[in-house]
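Structure first, then comments.
The values are calculated or read from the model by the stated rules, or taken from the named source; none is laboratory data. Predicted model only: the values in this text are computed from it and were never measured. So basically every Cβ, Gly included, is an ideal-geometry build from the backbone, and we count neighbours across all protein chains shown. The accessibility values were calculated without ligands, DNA or RNA, using every heavy atom of the protein model including side chains. Shrake-Rupley method; radii C 1.70, N 1.55, O 1.52, S 1.80 Å.
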Amino acid sequence: MSAPFPFDNSYARELPGFYAPAAPTPVAAPALVKVNAPLAEALGLDAAALAAPEGVAVFAGLAVPEGAEPIALAYAGHQFGHFSPQLGDGRAILLGEVVGRDGVRRDIQLKGSGPTPFSRRGDGRAALGPVLREYIVSEAMAALGIPTTRALAAVTTGESVVRERALPGAVLARVAASHIRIGTFQFFAARKATDAVKQLADYTIARHYPELQGAKEPYLALLDAVIGRQAALIGRWLNVGFIHGVMNTDNMSVSGETIDYGPCAFMDAYDPNTVFSSIDEMGRYAYGNQPDIAHWNLARFAECLIPIVDADKDAAIAAANATLGTFPARFYAAYHAGLSAKIGLPEAGEEDVALAHDLLNLMIPSKADFTLTFRRLGALAENAGAGGPVRDLFLDREAFDAWAERWRARLAATGRTGADIRAGMDRVNPLFVPRNHLVEGVISAAIERGDYGPFEELNRVLARPYEEQPQFAAYAGLPPSMEGYRTFCGT
Ligand code: AMP
Ligand code: MG
């Protein structure tokens, strides 16, 4: 095959010892599910060639494209608080990097492409359901404007993978700013390989934070920059009701992208204690815990950097702690700005934020739908007589009315027109998010009937999350059951 990917593999080239060579294992009977044509074009790739048999052969591990250097990356990580010194890409293989039309270097990785030296007892494979979920949710996040890895393609393998039961296998081709995780730093820090930590930090700065090159204290600046991106990211997650599900340190990217979609979900009824992952029995990664967990993970990152921040250990610890201490304020600044904008008050003054919190507190006992509450509020911002649909989401209607009266008075004081306020709200309050019942419906259609029509249609709707799409109104509806829903991991 001619070179479909203009690979330039800096990780393989510059970081020997940070990975193991690992070729994809060919699958029995590959079939294309989808190539993400707009993403392919943005990366400077030929979408038609990727969807042709030669492209499918690459995604299915039957052919290694010219210029690829397939490797599995080493990493460690805290999983549910417990440290594993050796994890690594057990079922993912980095083919190489391409520089997109925007000049940004990105990884092309196959997830589910067979065993690697890091597979331990795992089979290196992925089931179709989780592959479709990651495809849908990561693309939905991108359409929402939230930093995330992307889905370039999915193929089925024609093989079964055995989880709780036999399931059809699939491979996801994933695109990421990089696959450097907090756990990547931990791998080397745990081995006291200080030179390797420094090398990785230098690589990370050059790739993700080039503005820090030449800084007086580059590693402290790196910590500060990663904290800044994570604070902003978690704020964005909370503003759309996203729950990652498995925020282990190996699932947190130093680039600031959302990565490793497992049992993730968008919350329907608002409740900060919402947990979706059946493996998260303690609720460690509940919606409302995500900022604290991010802070905790960043502390693990800081620990890795201590030996290179300052030769004087006490000074390094003091400086790192001071930097870490900025996380809560930076997270709240991001989260509160977004929250206030959701009620039409992007000024985000102290009282605006308090008003938004009052609404959230009314939503909890009503199990008010997170997405619909804010979206429907937009209509009420524009027209005092249009409050019915949002009011209907609350059990205590009088309490909602009292809140709405205070809110409308505050909106009026801004001097903006109702139409203007509503337009601003509609730009930050999506109507369409990948609700669990929608994703599950798509997965069942694919597994049980080999029908990918629902997958295609859901992707199409979620590509324009902020626009009214009247013909797809059903996709904006509440789940059939308002009961807490849990995805079963088996990813
Ligand atoms: P994840 O749950 O995807 O974040 O993965 C956590 C760790 O388990 C990573 O090191 C993965 O590579 C590894 N892993 C998960 N599933 C498999 C599998 N089916 N085969 C081999 N390794 C796996
Ligand atoms: Mg992971």
Stretched out fully, how many nm does the piece from Glu347 to Asn273 gain, at 0.36 nm a residue minus the Cα gap? 23.8 nm
Extension gain from Ala23 to Ser481, taking 0.36 nm per residue of separation minus the Cα-Cα distance: 160.5 nm
What number comes out for accessible area per residue over the chain if the probe is 1.4 Å? Units Å², please. 38
Please give me, ordered by residue number, the chymotrypsin sites (Phe, Trp or Tyr not before Pro) of region 1-89 that lie in loop per DSSP and have at most 14 other Cβ atoms within 10 Å. Phe80
Which whole-angstrom value gives the distance between the alpha carbon centres of region 85-141 and region 194-246? 21
Over region 183-334, what per residue volume does the convex hull of the Cα atoms give, in whole Å³? 113
Can you pull out the trypsin sites (Lys or Arg not before Pro) in region 122-214 that DSSP calls coil and that have at most 11 other Cβ atoms within 10 Å? Arg165, Lys192
Taking amide H positions as placed 1.01 Å from N in the peptide plane, with prolines and chain starts having none, which residues 5 or more places from Arg181, or on another chain, fall under 5 Å of its amide H? Val254
To the nearest 10 Å², what's Ile279's accessible area with a 1.4 Å probe? 80
Two-decimal ratio, region 10-179, of alpha-carbon radius of gyration to 2.2 N^0.38 Å: 0.99
Cross-link candidates for Lys313: which lysines have Cα within less than 20 Å, leaving aside residues fewer than 8 places away along the same chain? Lys192, Lys198, Lys216
Ordered by number, the GluC sites (Glu not before Pro) in region 338-439 that occupy a DSSP loop and have at most 14 other Cβ atoms within 10 Å are Glu347
Interchain or long-range residues, amide H under 5 Å from Leu152's placed H: Ala173, Arg174, Val175
Provide the FRET efficiency to the nearest 0.05 for the Met282-Ile364 pair, computing r from the beta carbons and using R0 = 25 Å. 0.75
Rounded FRET efficiency, nearest 0.05, which uses the C-beta distance separating Ala474 from Arg191 and R0 of 51 Å: 0.45
Which residues qualify? For Ser278, with a placed amide H closer than 5 Å and at least 5 residues away or on another chain, they are Thr487, Cys489
Among residues other than Cys304 whose Cβ falls under 12 Å from its Cβ, what is the net charge (Lys/Arg +1, Asp/Glu -1)? +4
Just how far, in whole angstrom, is region 309-359 from region 405-457 if you go by their alpha carbon centroids? 26
Quick shape check on region 78-173: root eigenvalues a ≥ b ≥ c of the Cα gyration tensor, a/c under 1.5 is rounded, otherwise prolate if a/b tops b/c, else oblate, and it reads prolate
Output row, site Gln213, 7 Å Cα→C-beta label point, backbone N cut-off 17 Å, window region 102-128, residues 103-106
Using the Karplus curve 6.51 cos²θ - 1.76 cosθ + 1.60 with θ = phi - 60°, work out ³J(HN,Hα) for each residue of region 162-174 in order, rounded to whole Hz, and write x for Gly and Pro. 9, 10, 5, 8, 6, 10, x, x, 7, 10, 9, 8, 10
Carbon and sulfur %, accessible surface of the chain computed with the full protein complex present, 1.4 Å: 54
Give the ranking of His82, His437 by solvent-accessible surface, highest area first, calculated with a 1.4 Å probe. His82, His437
Indicate the gyration tensor shape class of the chain (rounded, prolate or oblate), computed on the Cα atoms with a ≥ b ≥ c the square roots of the eigenvalues: a/c under 1.5 is rounded; otherwise a/b larger than b/c is prolate and the rest oblate. oblate
How long is region 162-219 along each principal axis, judged by its Cα atoms, biggest number first, in Å? 55, 27, 12
